[in-house]
Amino acid sequence: MEPIIRAIMQLRRGYNLYDSSIDVLAYADDLTLMSETPEGLQAMLDTAGRVATWAGLKFNPKKCATLHIDGKRREALPTQFHIQEGAPPALSKNEVYEHLGVPTGYHVAQSADKALKRICHNLQHISDSLLAPWQKLDTINTFILPRVSFHLKNGVVQKRPLNMLDRDIKRIGKKCLNLPQRASANPLYLSYQRGGLILLPMNVVADISQIVHGLGLLQSAHLGQLSLAFLNSVVQKRIRHLPEPQDLANYLCGSMEEAFAKEPMDISNIWTRLRSAMRRLSTKINVSWAIDDYKLTLQLNGFMLRRGMAEYALRNSIREYRNS
């Protein structure tokens, strides 16, 4: 795939966003091409097709999709694009494409709705299986919860299906501990040493996932500057003037003082959701954003967190809070 990516990047026909040009996003064998114009996108597809043919590769247009957005009219246009003599389907305004498991299209899709329904269905099968109680819990922790975490970090998840999943997990957990269903769920969140299951409520997992995803973007070698520029624009709309570095940290911490006390005019995005998650999580543990050497850093109990260890550290801190 690398020759295809390099050839596309040499065209310099990408989409300009906050003074950054984005032309191709790649993960394994999945490619996403973006351009300012239909002509630019078609040139990218032609180049990708030629290099793929040279390499002996063949794209399957039926497994691809295109989306042409007219920002002025706020419409998705039915423009037909071609690659290797094939024509991928053009998405309408109400259609989505499952990209890396996350529905992507003109509208922000509720990515986990169908996935969470399938997960709840799988949970019922696990509950009804002949596995020992500890095996059921191990299966949930190994195969079920990581799927939820993926959608929490990469998509948009509504509270209702997440609450339903949380209810099912608590039901199975109580059953495994031989607790009546009317009993408190607190034992499920205790450590193994205290006879618990070291589970976490789904709303807490969602908040941690949101924070970890934002930290990953800010510390990314490729998307860090773009993510910071987006954050700057969000904070500027909130405080109505150019933000200082400390303003960014205060915003992410959920501050409601001084300029942040103004009536918000925010459109829901990753930073507004992260801000809300921080306000909820900071009531339980000592987590905050700070400026260190002119860079935004996430701190837990005064120590800086790197993205590779942030989720583990935050989950452990929440467990300590619940066990105290």
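The values are calculated or read from the model by the stated rules, or taken from the named source; none is laboratory data. Just so it is clear, the model here is predicted, and its values are computed rather than measured. Glycine gets a Cβ as well: all are built from the backbone with ideal geometry, and neighbour counts include every protein chain shown. All accessible areas refer to the heavy atoms of the entire protein, side chains included, with ligands and DNA or RNA removed. Shrake-Rupley method; radii C 1.70, N 1.55, O 1.52, S 1.80 Å.
Which of the residues belonging to region 194-226 are under 22 Å from residue 173 (Cα atoms) and either in contact with a strand residue (DSSP E or B) (Cβ under 8 Å, 6 or more places away or on another chain) or charged (D, E, K, R) (or both)?
Matches in region 194-226: 194, 207.
When the residues of region 1-11 are filtered to those that are within 28 Å of the chain's Cα centre (by Cα) and loosely packed, with under 14 Cβ neighbours inside 10 Å, which remaining residue is modelled with the highest pLDDT?
Restricting to residues being within 28 Å of the chain's Cα centre (by Cα) and loosely packed, with under 14 Cβ neighbours inside 10 Å, the top hit is 6.
Against the conditions (1) open to solvent by 60 Å² or more (accessible area, probe 1.4 Å); (2) more than 24 Å from the chain's Cα centre (by Cα); (3) not charged (D, E, K, R), where does residue 61 fall short? Just the number, please.
It fails just one condition, (1).
Looking only at region 251-274, count every residue that is out of contact with any Pro (no Cβ under 9 Å at 6 or more places or on another chain), under 16 Å from residue 299 (Cβ atoms) and without any contact (Cβ under 8 Å) to a residue 40 or more places away in the chain and tell me the total.
Residues meeting the conditions: 3.
How about region 69-90: which of its residues are crowded, with 18+ Cβ neighbours inside 10 Å and under 28 Å from the mean Cα position of the chain (by Cα)?
76, 88, listed by residue number.
Name the pairs whose Cβ atoms lie under 6 Å apart, with the first residue in region 69-91 and under 28 Å from residue 52 (Cα atoms), the second exposed (fewer than 11 other Cβ atoms within 10 Å of the Cβ) and acidic (Asp, Glu), and 6 or more positions between them or separate chains?
Final answer for the pair search is 77/70.
From the list 26, 48, exactly one residue is closer than 15 Å to residue 2 by Cα, modelled with pLDDT of 90 or more and aliphatic (A, V, I, L, M). Which is it?
Every option except 48 fails the conditions.
Can you find, within region 50-78, the residue that is farthest from residue 23 (Cα to Cα) among those that are of a type in the set (Lys, Arg) and assigned to a loop (DSSP other than H, G, I, E, B)?
Looking at residues that are of a type in the set (Lys, Arg) and assigned to a loop (DSSP other than H, G, I, E, B), I get 73.
Can you tell me which condition residue 47 does not meet? The list is (1) over 18 Å from residue 96 (Cβ atoms); (2) not in a helix (DSSP H, G or I), and all the others hold.
Single failed check for residue 47: (2).
Among residues belonging to region 13-44 that are assigned to a helix (DSSP H, G or I) and of a type in the set (A, V, I, L, M), point out the one that is surrounded by the fewest Cβ atoms within 10 Å (Cβ to Cβ).
43
Before we move on, is residue 157 surrounded by 22 or more Cβ atoms within 10 Å (Cβ to Cβ), in contact with a helix residue (DSSP H, G or I) (Cβ under 8 Å, 6 or more places away or on another chain) and outside any helix (DSSP H, G or I)?
yes
Pick out the one residue from 179, 226, 197 that is farther than 29 Å from residue 297 by Cα, among the aliphatic types (A, V, I, L, M) and touching a residue at least 60 places away in the same chain (Cβ under 8 Å).
Selected residue: 197, the only one of 179, 226, 197 that is farther than 29 Å from residue 297 by Cα, among the aliphatic types (A, V, I, L, M) and touching a residue at least 60 places away in the same chain (Cβ under 8 Å).
Residue 115 - would you say it is exposed (fewer than 13 other Cβ atoms within 10 Å of the Cβ) and out of contact with any Ser or Thr (no Cβ under 9 Å at 6 or more places or on another chain)?
No, not satisfied.
Looking at this structure, is residue 47 hydroxyl-bearing (Ser, Thr, Tyr), farther than 20 Å from residue 220 by Cβ and touching a Pro at 6+ places or on another chain (Cβ under 6 Å)?
No, not satisfied.
Hey, among the residues in region 283-324 that are open to solvent by 50 Å² or more (accessible area, probe 1.4 Å) and small (Gly, Ala, Ser), which one's nearest to the chain's Cα centre (by Cα)?
The selected residue is 308.
Which numbered condition trips up residue 144, out of (1) under 20 Å from residue 315 (Cβ atoms); (2) open to solvent by 60 Å² or more (accessible area, probe 1.4 Å)?
Result: residue 144 fails condition (2) only.
Quick check on this structure: which one of 138, 168 is of a type in the set (Asp, Glu) and in contact with a Cys (Cβ under 9 Å, 6 or more places away or on another chain)?
From the options 138, 168, the qualifying one is 168.
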